[in-house]
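Student: My structure is below; once you've seen it, I'll send some questions.
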Amino acid sequence: MKAVIPAAGWGVRFLPLTKEQPKEMLPVIDKPVIQYVVEEAVGAGIEDIIIVTGRHKRTIEDHFDHSFELEAILHNGNRREHLENIKNLCNLANLHYIRQKEPKGLGDAVYQARHHVGNEPFAVMLGDTIHVSDVPVVKQLMEVHARTGKSVIAVERVPGEKVKDYGVLDAVKVDDRLYQINDLVEKPSPAEAPSNLCIAGTYVLTPGIFECIERTKPGHNGELQLTDALRLLREKERLLAWEFIGKRYDIGDIQGWLNSQFELALKHPQYGAQLKAFLRDLNQKEPFL
């Protein structure tokens with residue numbers, strides 16, 4: 001199975017930080033967000049990855065490419081661990097890059113990959129979402145698709161006041177974590193939301209989604225919303241949702257980035273203990289907790 005990673009947005013909620021720096025390249029501890037996403041795909045057995053970028057996202061391509069000057073410096077300095085780490089980046093997977101020429105929304109970004117995906121089911125993984133789970137979240141969806149043959153969306157429950165930031169499901173439970181979707185609503189008000197079961201940014205879709213995107217009219221913010229295309233797909237075939245097992249870190253805005261940074265850093269095997277000690281010491285000098 002191939003994976004499509006949309007990474008063409010402007011990252012407006014991070015300005016001025018993202019004026020020249022792609023949101024997907026923001027660091028979380030010691031690597032950029034998009035590296036976590038690529039590593040999850042690879043951990044699920046996906047070897048063919050399409051990253052949909054924009055004109056201002058060249059550093060994403062450079063990150064996963066060779067840097068011969070840096071490699072020579074590390075080699076000559078006998079810094080083998082660093083050298084191996086950056087060499088491994090170039091061999092993580094077969095990476096392909098497609099440009100979304102205009103920022104027309106997530107639905108359009110997925111549509112740009114249609115020729116590469118072909119007539120096969122494929123995964124969609126947002127370039128600003130990190131998962132921590134024993135089984136990669138995208139692998140969980142692949143396993144559901146293998147059992148059912150249907151498109152399946154990763155979902156999670158969010159606090160009621162947060163539903164306005166998500167696509168929200170009207171769904172019926174099939175088993176412990178599997179739901180059949182009756183309808184999807186893009187970013188409703190809390191009063192209008194059919195549930196608090198929200199789209200979590202990872203999908204396994206059948207190729208029928210492309211024809212549905214073609215028929216989708218611009219929606220929220222004048223963009224082609226993938227949620228609207230999924231509503232059309234639901235009219236043609238059964239559409240499922242999976243309440244995934246794991247923890248999701250949403251790097252969609254500065255607060256989410258900061259929260260994720262701290263929580264993941266505190267759990268990090270190399271840096272966590274030192275950071276905890278630093279925060280305890282800081283709190284004694286200038287109480288903030």
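Student: Residue by residue through segment 162-169, what is 3J(HN,Hα) from phi via Karplus (6.51 cos²θ - 1.76 cosθ + 1.60, θ = phi - 60°)? Round to whole Hz and write x for glycine and proline.
Tutor: Here the 3J(HN,Hα) series is 8, 4, 5, 9, 10, x, 10, 9 Hz.
Student: Okay, next question. Each residue of segment 205-216 in order: what ³J(HN,Hα) in whole Hz does its phi give by Karplus 6.51 cos²θ - 1.76 cosθ + 1.60, θ = phi - 60°, with x for Gly and Pro?
Tutor: Here the 3J(HN,Hα) series is 10, 7, x, x, 5, 5, 5, 5, 5, 4, 8, 7 Hz.
Student: Continuing with this model, one more query. Which entries of K104/K164; K162/K187; K23/K101; K187/K236 have Cα-Cα distances beyond 19 Å here? Mind showing how you got there, number by number?
Tutor: Details: K104/K164 21 Å; K162/K187 9 Å; K23/K101 17 Å; K187/K236 23 Å.
Pairs exceeding the cut-off: K104/K164; K187/K236.
Student: Show which lysines lie in cross-link reach of K139 when reach means a straight Cα distance below 21 angstrom and same-chain residues fewer than eight apart are skipped.
Tutor: Partners within reach: K2, K150, K173, K247.
Student: Once a ≥ b ≥ c are taken as the square roots of the eigenvalues of the Cα gyration tensor of segment 23-99, is the result rounded (a/c under 1.5), prolate (a/b larger than b/c) or oblate (a/b not larger than b/c)? Walk me through the numbers on the way to the answer.
Tutor: Details: a/c = 1.81, a/b = 1.51, b/c = 1.19.
Prolate, since a/c reaches 1.5 and a/b exceeds b/c.
Student: Could you calculate the FRET efficiency of K236 with K87 from 1/(1 + (r/R0)^6), where r is the beta carbon distance between them and R0 is 51 Å, rounded to 0.05?
Tutor: Values: r = 45 Å, r/R0 = 0.88.
Efficiency, from the Cβ-Cβ distance: 0.70.
Student: Evaluate the charge dipole of segment 2-252 about its Cα centre and quote only its size in Debye, nearest 20, assuming +1 on the Cβ of each Lys and Arg and -1 on the Cβ of each Asp and Glu.
Tutor: Working: 32 positive and 37 negative charges, 76 e Å.
The dipole of segment 2-252 has a size of about 360 debye.
Student: Be a star and scan segment 82-118 for residues whose amide nitrogen sits under 12 Å from the point 7 Å along the Cα-to-Cβ vector of H56.
Tutor: Residues passing the 12 Å test: 103.
Student: Moving to a separate point now. Please find, in a Gaussian network model of the chain (springs between Cα atoms separated by less than 10 Å), the residue of E81, E161, E263 whose mean-square fluctuation is greatest.
Tutor: Among E81, E161, E263, the largest GNM mean-square fluctuation belongs to E81.
Student: Report the charge-dipole magnitude of segment 40-100 in Debye, nearest 20, computed about the Cα centre from +1 at each Lys and Arg Cβ and -1 at each Asp and Glu Cβ. Don't jump to the answer; show the numbers that get you there.
Tutor: Values: 7 positive and 10 negative charges, 50 e Å.
Here the size comes out at about 240 debye.
Student: With the contact rule set at Cα under 8 Å and sequence spacing of 6 or more, what percent relative contact order holds for the chain? Don't jump to the answer; show the numbers that get you there.
Tutor: Details: 510 pairs, mean separation 60.6, N = 289.
Relative CO of the chain lands at 21 percent.
Student: Based only on other Cβ atoms within 10 Å, what is the fewest-to-most ordering of F262, F122?
Tutor: On the way: F262 12, F122 23.
Lowest count first: F262, F122.
A short reminder: the numbers here are calculations on the coordinates, not readings from a lab. None of these values were measured; they are calculated from a predicted model. Cβ coordinates were reconstructed from backbone atoms using ideal geometry, including for glycine residues, and neighbour counts include every protein chain displayed.
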